[in-house]
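To keep things clear, I will list the structure first and then write my remarks on it.
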Amino acid sequence: MSVSVEKKRTSRFLDPWVYIALGSTGFVLLGFIAAGFFEKTLVYGQTNVTPGNYGSIKTFDLEPQSIGALRVDVNARIPDNTNLAYEIQLVDSQKKVLASAVKEAWNESGTWYEDGESGSWSESNLKGGIDIRTKKKEQVTLRIGVLEYGDKFGRELTSPKPNFIVSVKNGVVDTRRLWPGLFSTLFIGIITLFTVPNSGKKAISKKINDSDVSDRATVGGKNSLVRVKVDIAADETTPQRLNVELVINNSYGERVYAASHTTNIMRTTVNNTVKSGRGSLTLFFVFDKQDSYSFNVEVVPDAPVDKTTLTVRDSSKTLTAVEAIHITSDGEGTLNNTQTDPFQSDYPNYDDNPQDQHKSEM
């Protein structure tokens, strides 16, 4: 049986959900940005209103909006330890109330004493508002009325007059509804980023306290991406690079792949002394036939290697396009395997050129 081994970049196995989630996050962010372009300030200022009366703040044109609504924001300003009930009204030219809202406002402060310590506190709830949309253009007047005004002892007050800071904007988009969408899509996108590298069926998961590990599993097929990951734990004598020699045999014992890959070792140092090292190598394979393949790994030099872990996942997905090793065989296999050197030139060595080394995906 002859085997063709070709390294090709492929995007066939991309997981679309991460891009859908992150793309949705981008659209929500664009919504936040675009919302500001539709706003137009119609009224901004402050006024005092006598308790028990209504004060007309401003007359302006209310126009239909394809996006957004008219928003009236009112912030009351009253002395400490007082409370206030005020009403916001929008009335038309015939003095008919189009929209109204009543706000129970208060402003409280004081001091506290506990275990010989003391301090001050302050709390308030003073803001009120209205959102309104219209189907026709009309002239409206904004009015604010003071319904109740008193202190914390229940006594009615007439002075000082409550002060109100008023803002009226048209074309306002309620971005509060966008926040749940932003957080949910961002959460899904982040989860997908972490889960995709572990996607697919785990066919092999074997760990050995040595430099060589091997196991067999049924994987492959033209529409299946096989992810092979080798994790290395080394001791204080480890060099900066180790070679991972990988041999793959089919169910007949025939070798379909053999190559040596250099992997960088991240060394842990304490006081300029190397204490340990860790490295990882990830390779992607596309086998034209589903079969029972044996994966044989040896890390060289083997002296500094404490532990080697082999993980093989079938039907894996990726975040980006990856360099995949496509293995194509013709004809039926036999038990006669004439290749004796697992790294002879009949099989390509991808590490002859350092720039062609496989880059593992996180």
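The values are calculated or read from the model by the stated rules, or taken from the named source; none is laboratory data. Everything quoted here is computed from the prediction, not taken from an experiment. All Cβ positions, even for glycine, are placed from backbone atoms using ideal geometry, and neighbour counts span all protein chains on display.
List of remarks:
- Residues of the range 168-178 that are modelled with pLDDT of 85 or more and over 18 Å from VAL74 (Cβ atoms): none at all.
- The residue that is farthest from THR175 (Cα to Cα), counting only those in the range 104-135 that are part of a strand (DSSP E or B), among the polar types (S, T, N, Q) and within 39 Å of the chain's Cα centre (by Cα), is SER122.
- Checking every residue in the range 207-217 against the condition of being modelled with pLDDT under 90 and acidic (Asp, Glu) gives zero matches.
- Residue match in the range 319-333 (condition: among the polar types (S, T, N, Q), under 30 Å from GLN240 (Cα atoms), at pLDDT 95 or above and touching a strand residue (DSSP E or B) at 6+ places or on another chain (Cβ under 8 Å)): no
- Of all residues in the range 11-24, one or more are of a type in the set (S, T, N, Q), surrounded by fewer than 16 Cβ atoms within 10 Å (Cβ to Cβ) and either under 30 Å from THR318 (Cβ atoms) or not assigned by TED's automatic domain parsing to the domain that holds GLY150 (or both).
- Top-ranked residue in the range 267-285 [being of a type in the set (A, V, I, L, M, F, W, C) and modelled with pLDDT under 95; ranked as nearest to ILE325 (Cα to Cα)]: VAL274
- The residues of the range 215-242 that are farther than 15 Å from LEU283 by Cα, surrounded by 17 or more Cβ atoms within 10 Å (Cβ to Cβ) and polar (S, T, N, Q) amount to a single one, THR238.
- Taken together, SER109, SER11 contain a single residue that is at negative phi and in contact with an Asp or Glu (Cβ under 6 Å, 6 or more places away or on another chain), which is SER109.
- Residues of the range 33-64 that turn out to be more than 20 Å from ILE132 (Cα to Cα) and assigned to a loop (DSSP other than H, G, I, E, B), as a count: 5
- Residue selected from the range 62-99 under the condition on the phi > 0 side of the Ramachandran plot and surrounded by fewer than 17 Cβ atoms within 10 Å (Cβ to Cβ), by the criterion modelled with the lowest pLDDT: LYS95
- The residues of the range 138-195 that are within 30 Å of VAL97 (Cα to Cα), exposed (fewer than 14 other Cβ atoms within 10 Å of the Cβ) and β-branched (Val, Ile, Thr), listed by number, are THR158, THR175.
- Matching residues in the range 27-61 - criterion: being of a type in the set (Gly, Ala, Ser), at pLDDT 85 or above and exposed (fewer than 15 other Cβ atoms within 10 Å of the Cβ): GLY45, GLY52, SER56
- Sole residue being over 30 Å from VAL226 (Cα atoms) and outside any strand (DSSP E or B), chosen from ILE67, ILE20: ILE67
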